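What follows draws every value from the coordinates through simple rules; no lab data is involved. No experiment lies behind these values; they were computed from the predicted model shown. Positions of Cβ are backbone-derived with ideal geometry, glycine not excepted, and every protein chain shown enters the neighbour counts.
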Amino acid sequence: MPDGTVAELFREGRAPRAPRVSVVIPTYNEARNLPHVFSLLPADLHEVILVDGHSVDDTIATARSLRADVRVVHQNRRGKGNAMACGFAEVTGDIVVMLDADGSADPREIPRFVEALTSGADFAKGSRFINGGGSDDITRMRAWGNRWLNRTVNVLFGTRYTDLCYGYNAFWAHCLSALALDVADRGSSGRLWGDGFEIETIINTRVAKAGLRIVEVPSFEFVRIHGQSNLNTWRDGLRVLRALLVERVNGTGRAARRRTSIDVAASTAAPAVTPGDEQAAARLAGVRSA
Ligand SMILES: Nc1nc2c(ncn2[C@@H]2O[C@H](COP(=O)(O)OP(=O)(O)OP(=O)(O)O)[C@@H](O)[C@H]2O)c(=O)[nH]1
Ligand SMILES: [Mg+2]
């Protein structure tokens, strides 16, 4: 089917089947957390793609023992951004879900994201800062930084985001062309621009530039269960700021623009919409490019 067709069928309520959901899970030494995460995955997934970043624990063996059908992908550079790009390149489903492996993101929320997409959104963005969302994990310093980065993205890109720096999102596979992520192996074992934690900002700004329909869905973030965060508040916060400036001036994503302007309807605080709901379109949080 041509790009976007499956999403259109759902939007029009004419879809012949349920969407095939692909979950992409980046892992760097998450063996101890995988039993928890995998046990909460919905039963009817199309595929689970685990993208490993050269873990030195038993991440891959654990994943395979928990789920024989898991698809293991080895990233070709370093960083979470590169892992996501490599995982997305392997997706064969209709819907892509980005899910962390540290136990902070609840896989039981996946149906909520899917529902937002089948009700008309192109991109369902998790938010800890709308009704029904929350976090046990975010520090005061990070919440403060996120708030300022969030204000900045909204001014620069005309968006209405409430939680820029959050990695739990889902989108129709047709959005991948707007993301234009680089998965080429440049012969570099190091990190290129976009390979790090700035990936979430790059994705959020490119879908906005592309004029895709974005809705925020409430999400609760738990504390990482085992192991240590790979994120450095200041270093990665500055990368996010830089990503906002770079993405504001470059044209990436705009080429995929499908609409010139999109209705800005109700607040982004709207909960996930329900399939077939006549009001769904009106509750979508629209995004205009700047
Ligand atoms: N493949 C791969 N996965 C990574 C890499 N860095 C982080 N991850 C995974 O990405 C997910 C998020 O990483 P975390 O270190 O928890 O960072 P975070 O959730 O943004 O930050 P915290 O809120 O501090 O936990 C986890 O599943 C990690 O295992 C990497 O370089 N390669
Ligand atoms: Mg985490």
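Using the count of nearby Cβ atoms within 10 Å as a rough guide to exposure, how do 141, 84, 98 rank from fewest to most?
Going from sparsest to densest Cβ surroundings: 141, 98, 84.
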Go through 250, 93, 144 and say which Cα lies farthest out towards the positive end of the charge dipole of the chain; charges sit on Cβ, +1 for Lys and Arg, -1 for Asp and Glu. 250
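Based on a Kirkwood Rh over C-alpha pairs, give the Stokes-Einstein translational diffusion coefficient of the chain at 25 °C and viscosity 0.890 mPa s in µm²/s. Before the final figure, lay out the partial values.
Working: Rh = 18.9 Å.
It diffuses with D of about 130 µm²/s by this estimate.
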Using 0.36 nm per residue, how much length does the chain from residue 108 to residue 142 gain when fully extended, once their Cα-Cα distance is taken away? 9.7 nm
Exposed loop sites here are GluC sites (Glu not before Pro) in DSSP loop states with at most 12 other C-beta atoms within 10 Å. What is the longest stretch of the chain lacking them? 13-277
Got a sec? Which residues in region 5-46 would a label at residue 61 touch, if it sits 7 Å along Cα→Cβ and we count backbone N under 16 Å? 29-35
Ordered by fewest other Cβ atoms within 10 Å, a rough proxy for footprinting exposure, 49, 225 read 225, 49
Show the residues, 5+ positions off or on another chain, whose built amide H is closer than 5 Å to the amide H of residue 221. 134, 135, 136
CD proxy at 222 nm, helix term only [per DSSP H run n ≥ 4: -39500 (n - 2.57); per residue of the chain; nearest 500]: -9000 deg cm²/dmol
Report, by chain and number, residues whose modeled amide H sits under 5 Å from the one on residue 216, excluding near sequence neighbours (fewer than 5 apart, same chain). 125, 285
